[in-house]
Each structure stands twice: as structure tokens, then as C-alpha cells.
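Student: I have a structure I would like to understand better, so I am pasting it below and will then ask my questions one at a time.
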Amino acid sequence: VTLGALGVGISVMRLSEETPWTEDIVTAIGERRSLALDDGSFIHLDVATRLKYRLTPVLREVALGFGQAEFVVADDVKRPFLVHSGARDMRSGKAMFDVRDRQGWTNVAVREGVVAISQDAAAKNGAWPGNAAVLHSGEAVSYATGNIQPVRSVPLQHIGEWRKLVLTYDQTPLRDIV
């Protein structure tokens, strides 16, 4: 997969600015929700999550306000899939990945496909600011404003396991879990 094919140009941003966002989709504590998008993609929202999305002829775009979601992205080489979360953006074609935004940190883990993480948030003119990281199946990264951690390996069975009501912690202090 070449990430150059996933590029976002000036014309993309102009068209997407004309397409309205959905209203905020919010899950409460104890509530989970799944969305089927018109392009064949799915978004699975964890508890206490807020996001909105829009689909245009040239772009599929999600803004994750907070919380956690799993993205199952349908194949569409003409329309990249962008997720805005925290200080950076993610870009993918066909992929399955998990994004968690909590307390100023965003964690991205890829189960299938390839996901690029931007240097900064995408520019208003739609130009992709360059890759800070490129994640493949079984890889994850965490970032906050001005800080991106090294890419690390993650067992595939742990990615998205929250959907099965399972949480696995490895070498994590109890204070961080609580």
C-alpha cells in the first residue's frame, strides 16, 4: 500500500467544507453504539465517546472529540478516510484500527491495513503535513500535543478487545489502570 495514494489535496478540502458534519454522536457511560456508514465502513463507539463524521465525493472524515472508537474502513481508493483526534490526524484506506482519546493523549492501534499519523493537524488548505508515523497491522503509537511516542508492537488479539468487554494490561502500574 502506498500512502501517496491516500493524499489529500486542496480540492478535497474545498469540497469537504461544503458538506456538513453530522450532529455530535455521543455515548453515555455504560452505552456502546455502532454506526454503519453509507460507504460500507463501520464505526464502533465505546462508552463515554463523542464524534461526528461527514462523507463527501472525495473524502471520508471523522472528528473524535473524546473517547474510544474502532474504525472498520471500507475500500475506496478515491476517498481517503481521515480521523481527527487530538493534535494529529490519521489517514487510511481499507483498514481496521482503534483510536482512544483520553486526558490529552491519543492511542492508535492497527489490526489490519496501514494508517498514517500526521506531523500536525492537517492544514486548512487540505495539504497533508507529512507523516510522523506509519502503522501496519499489529503496531500502535501514542501521542499528545508536541509529543509522539515510538511505534510499538501490540498483539493483534488485544486490539479492539474492549468490544468484547476485555481489557488487558501488560507491565502497567495499578495507579494507571485505576
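Every read-out reported here was derived from the displayed coordinates using simple, explicitly stated rules and does not represent laboratory data. What you are looking at is a predicted structure, and each value in this text was computed from that prediction instead of being measured. Note that we place each Cβ from the backbone using ideal geometry, even for glycine, and neighbour counts take in every protein chain shown.
Student: Run down VAL115, VAL77, VAL134, VAL141 and say which single residue is closer than 17 Å to ILE43 by Cα and either among the aliphatic types (A, V, I, L, M) or in a strand (DSSP E or B) (or both). Even if it seems obvious, please write down each step before you answer.
Tutor: Values: VAL77 fails: closer than 17 Å to ILE43 by Cα; VAL134 fails: closer than 17 Å to ILE43 by Cα; VAL141 fails: closer than 17 Å to ILE43 by Cα.
Matching residue, one of VAL115, VAL77, VAL134, VAL141: VAL115.
Student: Right, next: Just the residues that are surrounded by fewer than 22 Cβ atoms within 10 Å (Cβ to Cβ) and either β-branched (Val, Ile, Thr) or under 15 Å from ALA133 (Cα atoms) (or both), please, taken from the stretch 67-81.
Tutor: VAL72, VAL77
Student: Moving to a separate point now. Let me confirm something: among VAL47, VAL26, VAL72, which residue is more than 15 Å from the chain's Cα centre (by Cα) and not in a loop (DSSP other than H, G, I, E, B)?
Tutor: Values: VAL47 fails: not in a loop (DSSP other than H, G, I, E, B); VAL72 fails: more than 15 Å from the chain's Cα centre (by Cα).
Matching residue, one of VAL47, VAL26, VAL72: VAL26.
Student: Which one is surrounded by the most Cβ atoms within 10 Å (Cβ to Cβ) among residues in the stretch 82-115 that are hydrophobic (A, V, I, L, M, F, W, C) and more than 10 Å from the chain's Cα centre (by Cα)? I'd like the intermediate steps shown before the answer.
Tutor: The first filter runs over the stretch 82-115 and keeps only residues hydrophobic (A, V, I, L, M, F, W, C), leaving 82-83, 87, 90, 95-97, 99, 105, 108-110, 114-115.
Now restrict to residues that are more than 10 Å from the chain's Cα centre (by Cα): 87, 95, 105, 114.
Numbers: ALA87: 17, ALA95: 24, TRP105: 14, VAL114: 20.
Applying the filter and picking the extreme gives ALA95.
Student: So for the stretch 105-114 (the condition being out of contact with any Pro (no Cβ under 8 Å at 6 or more places or on another chain) and among the charged types (D, E, K, R)), does at least one residue qualify? Let's see the steps before the verdict.
Tutor: Keep residues of the stretch 105-114 that are out of contact with any Pro (no Cβ under 8 Å at 6 or more places or on another chain), which gives 105-114.
Narrowing further to those that are among the charged types (D, E, K, R): 111-112.
Yes, there is a match, as at least one residue in the stretch 105-114 is out of contact with any Pro (no Cβ under 8 Å at 6 or more places or on another chain) and among the charged types (D, E, K, R).
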